[in-house]
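A short write-up of the structure that comes next.
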Amino acid sequence: MPLTAELTATAPRTPDGKPYNCYAIDTTAGGRWTVTLKSQAFDSGLSIARGALCSAASLQHQNDNAAPGDLDARVTFTAVGGRYLILARGMSTTAAGAYELTATPEAADLGYGGSTQLADNRTDARRALMEAQVGERRAQLAEEAARKQAAEQAATQARLNAEAAARRAERERKRARSEAFNSFLGAAVGAMGEVTNQMAAENSRIQAETSAMIARQAAQAEVQRAAQQRAQAQARAQAAEQAARQLAQNKALVAASRNGGGGGYGIGYSPQTRAAAAQQQNAAQVQSGAAASQVLAQQQAQQRQLAEQQRLAQQRAAEQQASQQRFAQQQAAQARAEADRQQRAQEAERRRMAQQQADADKARMIGQSPSGAFSTVGLRAINPSGSPGAGRLSRPVSNVGGCRATNISVSYKLDDLLGEATVNGEWSWQGDGACTPAASTKVWLRLQDGSAYGYVEISPSVPRAGGASMNTTGSPDWSQLVCGFDGGRASGCMDAASARKLWTNGRVAGFEVGW
C-alpha cells in the first residue's frame, strides 16, 4: 500500500544539504524488493542503506530517475535479510512537497515473512526500532559500566585512601599549629611576667641606689655644715682673740702714755696714739670681715657643688628608670602584637571554616549561578553536521546534593536516531562516603551555540561517593529537550524548532548539578 507524506524544510539533511525522510523495512535473505518514489513537487531520489542510524547508515543502492526524463525514482534489489533503511530525498537543497512511496516485495519474499510496512519517524515501527536499538545499546552500556565500575572502584579506593591520609595530615597540622600557638602564648605570658619581675627588681635597685646616694649626699652636707660651723666659730674666736690683743695693746699704749712725758707732768691720750689705736682696730675689723666673707663663700660653693651632684644623680637615676621602662614596654608590646596576630589568624581560620560549612548547608546547587536559564539569541539555521556528540567533563566542587564533595565527573552521549534526539549520560563524585545525595539530584548539560544556550537534563541514578550511576537512553520530545532549570526542576523549555537548531549546531560547554 503506498505511503503518502511530505518533505519539509525542517527534515534532516544529507551531508551535501539535501532534505530527506527515513523509513525502514524488514526483509528475508534472497528476497527481491522494488522501491518507488513519486512526486509532482520535486525531483525525487532514493537511497537504500543499512545501519542503526539514518544519518550514519551504509549506502547499498540508489537511483534518481525511474525512466529517462522522469522525476520519479525506483530501485530494485535483492535483500540479504534483516532491516533496510530507505531515504526518500530530493535532488536539490530546496526540495519540498508531497510524495508517494511504495516498497513492494516479490511473492517469494512475502512467503518468508517479508513486510511492505514502511516505518517512518512518525510510526510505532520506528519507535520499536528505537527501543530495540536502545535495548542493545543498554546491554552494551551495562557491560561497559561494569568494566568501568571495576576500574573506577580501584581508582576510587586509592583516591579515598589518599584523601583520608590527607585529612589525617591536615588534622595533625592543625593540632600542631594549635599546640604551637598555645606554647607561644604560654611563653609570651612567661616572658612578660619575667620582664615585669626584672623591671620591678631594677626599679627597686635604682630606688635603693638613689636613696643611698641621697643619704650619702645628706651626710656630706651635714659634714660640710659642721665644718662650716667650726670654721665660723674659729673665725669668730680668732676675731675675738685679735680684738682682745688689740685692746690689750691699746691699753698698754694708754698706760705708757700716762706714765711717760717730761716735767713730771702726766699727759692724756695723744692724737697719734688714738689714731694708731683706731687704725689697728679698723684693721682688725677688716681682717675679721674678710675671714668671715671667705668662710661664707666657701660654704656657698660647697652647697652649690652638693646641689649639682644631687641633681646629676637624680637625672641619671631617672634616665635609667625611663630606659628600663621603655625596654619593658617594647618587649610587652611585641609579645602582645604577636599574640594578637596569632589570635587573629586562628579567628580568621575559624571564620573561614564556619563560612564553608554555612555555604555547604545553604547551597542548593553548584555552578556559577543559583539557577539556569536558556537563550535563543543568535540561533543559526540548522546545520546538517548532526548532533552534539559524546564526551566527559569533570571539575572540583564543594557540595553535591547536600554532601561535602571534592570532585564530580560527567560522561554524556547526545545523538539522534531517525530524526529524533537521544540522550544518555552518567556521573560520579568524590567526597563524604557516609553521605547520600538527595534523590532529586539532577545533572544539567549546558548546550551552547555562540550566544544561544540551554540545558539538557540527564537523570541517572544517584550514586554514592566513588560509585558510578546507571542510566538508559532517553528520547524526549523536541519541545521538552532544551530547557532552563531551577535546582532540580525544569523552568521552561525551548520550542521544538529552536531546540532542533541548538541541537544540530551546538556543543556541550559545561554542566551544573541541582537538587
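What the table shows:
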{"read-out": "Single match in Glu179, Glu163, Glu202 (criterion: assigned to a helix (DSSP H, G or I), among the acidic types (Asp, Glu) and within 30 Å of Arg311 (Cβ to Cβ))", "value": "Glu202"}
{"read-out": "Cβ-Cβ under 7 Å pairs, at least 6 apart or on other chains, region 151-178 side touching a residue at least 40 places away in the same chain (Cβ under 8 Å), far side open to solvent by less than 100 Å² (accessible area, probe 1.4 Å) and among the aliphatic types (A, V, I, L, M)", "value": "Glu152/Ala468"}
{"read-out": "Any chance Ala339 is open to solvent by less than 80 Å² (accessible area, probe 1.4 Å), modelled with pLDDT of 80 or more and in contact with a helix residue (DSSP H, G or I) (Cβ under 6 Å, 6 or more places away or on another chain)", "value": "yes"}
{"read-out": "Answer from Ala95, Ala88 - the residue that is out of contact with any helix residue (DSSP H, G or I) (no Cβ under 8 Å at 6 or more places or on another chain), modelled with pLDDT of 90 or more, closer than 22 Å to Gly386 by Cα and not in a loop (DSSP other than H, G, I, E, B)", "value": "Ala88"}
{"read-out": "Count of residues meeting criterion [closer than 30 Å to Arg392 by Cα and among the hydrophobic types (A, V, I, L, M, F, W, C)] in region 148-196", "value": "10"}
{"read-out": "From Ala244, Ala221, Ala235, Ala231, residue being out of contact with any helix residue (DSSP H, G or I) (no Cβ under 8 Å at 6 or more places or on another chain) and either open to solvent by less than 60 Å² (accessible area, probe 1.4 Å) or free of Cβ contacts under 8 Å to residues at least 40 places away in the same chain (or both)", "value": "Ala244"}
{"read-out": "Evaluation of Arg147 against (1) modelled with pLDDT of 85 or more; (2) open to solvent by 70 Å² or more (accessible area, probe 1.4 Å); (3) closer than 15 Å to Cys22 by Cβ; (4) not hydroxyl-bearing (Ser, Thr, Tyr) (one fails), failing number", "value": "(3)"}
{"read-out": "Yes/no for Gly454 being in contact (Cβ under 8 Å) with a residue 12 or more places away in the chain, buried (at least 22 other Cβ atoms within 10 Å of the Cβ), of a type outside the set (Val, Ile, Thr) and not in a loop (DSSP other than H, G, I, E, B)", "value": "yes"}
{"read-out": "Selection status of Leu185, surrounded by 12 or more Cβ atoms within 10 Å (Cβ to Cβ), part of a helix (DSSP H, G or I) and more than 24 Å from the chain's Cα centre (by Cα)", "value": "yes"}
{"read-out": "Failed item in (1) open to solvent by 40 Å² or more (accessible area, probe 1.4 Å); (2) farther than 30 Å from Ala318 by Cβ; (3) modelled with pLDDT of 80 or more, with Gln305 passing the rest", "value": "(2)"}
{"read-out": "Residue, nearest to Arg89 (Cα to Cα), within region 20-56, restricted to residues that are of a type in the set (A, V, I, L, M), open to solvent by 30 Å² or more (accessible area, probe 1.4 Å) and in contact (Cβ under 8 Å) with a residue 24 or more places away in the chain", "value": "Ala41"}
{"read-out": "From the options Ala151, Ala212, Ala221, residue that is within 30 Å of Gln430 (Cα to Cα) and of a type outside the set (S, T, N, Q)", "value": "Ala151"}
{"read-out": "Residue that is without any contact (Cβ under 8 Å) to a residue 40 or more places away in the chain and under 19 Å from Gln324 (Cα atoms), where the choices are Arg216, Arg205", "value": "Arg205"}
{"read-out": "Residue count for region 441-451, restricted to those that are among the hydroxyl-bearing types (Ser, Thr, Tyr) and surrounded by fewer than 19 Cβ atoms within 10 Å (Cβ to Cβ)", "value": "1"}
{"read-out": "Selection within region 1-54 - of a type in the set (Val, Ile, Thr), out of contact with any His (no Cβ under 6 Å at 6 or more places or on another chain) and closer than 16 Å to Asp72 by Cβ", "value": "Thr4, Thr34, Val35, Thr36"}
{"read-out": "Selection from region 388-433 of residues that are surrounded by 19 or more Cβ atoms within 10 Å (Cβ to Cβ), of a type in the set (Gly, Ala, Ser) and either assigned to a loop (DSSP other than H, G, I, E, B) or in contact (Cβ under 8 Å) with a residue 60 or more places away in the chain (or both)", "value": "Gly401, Ala405, Gly419, Ala421, Ser428"}
{"read-out": "Region 460-507, subset within 28 Å of Ala154 (Cβ to Cβ) and in contact with a Pro (Cβ under 7 Å, 6 or more places away or on another chain), residue most open to solvent (accessible area, probe 1.4 Å)", "value": "Met470"}
{"read-out": "Count - residues of region 1-19 that are open to solvent by less than 80 Å² (accessible area, probe 1.4 Å) and in a strand (DSSP E or B)", "value": "5"}
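The values are calculated or read from the model by the stated rules, or taken from the named source; none is laboratory data. Note that the structure is a prediction, hence the values are computed from the model and not measured. Positions of Cβ are backbone-derived with ideal geometry, glycine not excepted, and every protein chain shown enters the neighbour counts. Just so you know, the surface numbers come from the protein's heavy atoms only, side chains and all, with ligands and any DNA or RNA stripped out. Shrake-Rupley method; radii C 1.70, N 1.55, O 1.52, S 1.80 Å.
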